[in-house]
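Bear in mind these aren't lab numbers, they're just calculated from the coordinates by the rules spelled out. Keep in mind the model is a prediction, meaning the values are calculated, not measured. Cβ placement follows ideal geometry from the backbone for every residue including glycine, while neighbour counts extend to all protein chains displayed.
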């Protein structure tokens, strides 16, 4: 297999990336086609499609697999077969992601601007195929142990982090990206309650640090407590 391009995205690190595409629409991503696949003729007509399938490599996952995995949707405890999951630990480390195509830039090579991508920066892409809703959308299909989108937690920001965002030209989009990513609770699946531990997730050129705090008797919210620039990002 020869990669046809590489992803540039808001996710420098795999921790915190939404576990499915389309869950964080505020995330910016671009697929940059590499020679010889960066010929504009190769994407002629692609602009007439709104969504694309990307086949890619989980390049940050170790080259090993196990027959049983622990899906986060099941709390990280119950095991299912790897082929009954979307685990990154697969025999060939292949991933499939449905993304929205926003723009095609052919001024210098080919760059596809995308929305809803769930891919870490630097991901090698092996293929592109247009999405056909009449063939590939089946609302009546069974979804096994993931019958609906994951629930979302409320997210708030400390005054200091709000001030940091206000100073950035991309502050509004960054705030929404942080909210969409953290609302899915990127902590390990077995961490479900409030805790004093501070977690960090890399987004764009920042380390976003947050805690799970009590939000009433039986619920929590995630609070952004610090936003730190990552030097050299």
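Based on the alpha-carbon gyration tensor of the chain and its eigenvalue square roots a ≥ b ≥ c, which shape applies: rounded if a/c is under 1.5, prolate if not and a/b is larger than b/c, or oblate? Because a/c hits 1.5 or more and a/b fails to exceed b/c, the chain counts as oblate. Using only the C-alpha atoms, the convex hull of region 5-136 corresponds to 122 Å³ per residue.
Need one word for region 155-229: rounded, prolate or oblate. Basis is the Cα gyration tensor (sqrt eigenvalues a ≥ b ≥ c); a/c below 1.5 gives rounded, then a/b vs b/c decides.
Taking the square roots of the gyration eigenvalues as a ≥ b ≥ c, region 155-229 is prolate.
When you restrict to C-alpha pairs under 8 Å that are six or more residues apart and normalise by the size of the chain, the relative contact order lands at 26 percent.
Quick check: from the Cα gyration tensor, does region 65-129 come out rounded (a/c under 1.5), prolate or oblate? Cα axes put region 65-129 in the prolate bin. As a length-normalised measure over Cα pairs under 8 Å and 6 or more apart, the relative contact order of region 5-136 settles at 42 percent.
Relative contact order of region 87-198: 15 percent, from C-alpha pairs under 8 Å at least 6 residues apart in sequence. Packing order of peptides 125-138, 14-27, 56-69, highest average first: 14-27, 56-69, 125-138 (average count of other Cβ atoms within 10 Å over each peptide's residues).
Residue exposure proxy: 155, 225, ordered by other Cβ atoms within 10 angstrom of their Cβ from fewest to most, comes out as 225, 155. Dividing the summed -39500 (n - 2.57) terms of all DSSP H runs of n ≥ 4 by the residue count of the chain sets its mean residue ellipticity at 222 nm at -3000 deg cm²/dmol. Were the residues from residue 107 through residue 166 laid out at 0.36 nm apart, the gain over their Cα-Cα distance would be 17.9 nm. Hey, what angle do you get for helix 171-182 against the long axis of the chain, alpha-carbon based, 0 to 90 degrees rounded to 10? Its long axis makes an angle of about 80 degrees.
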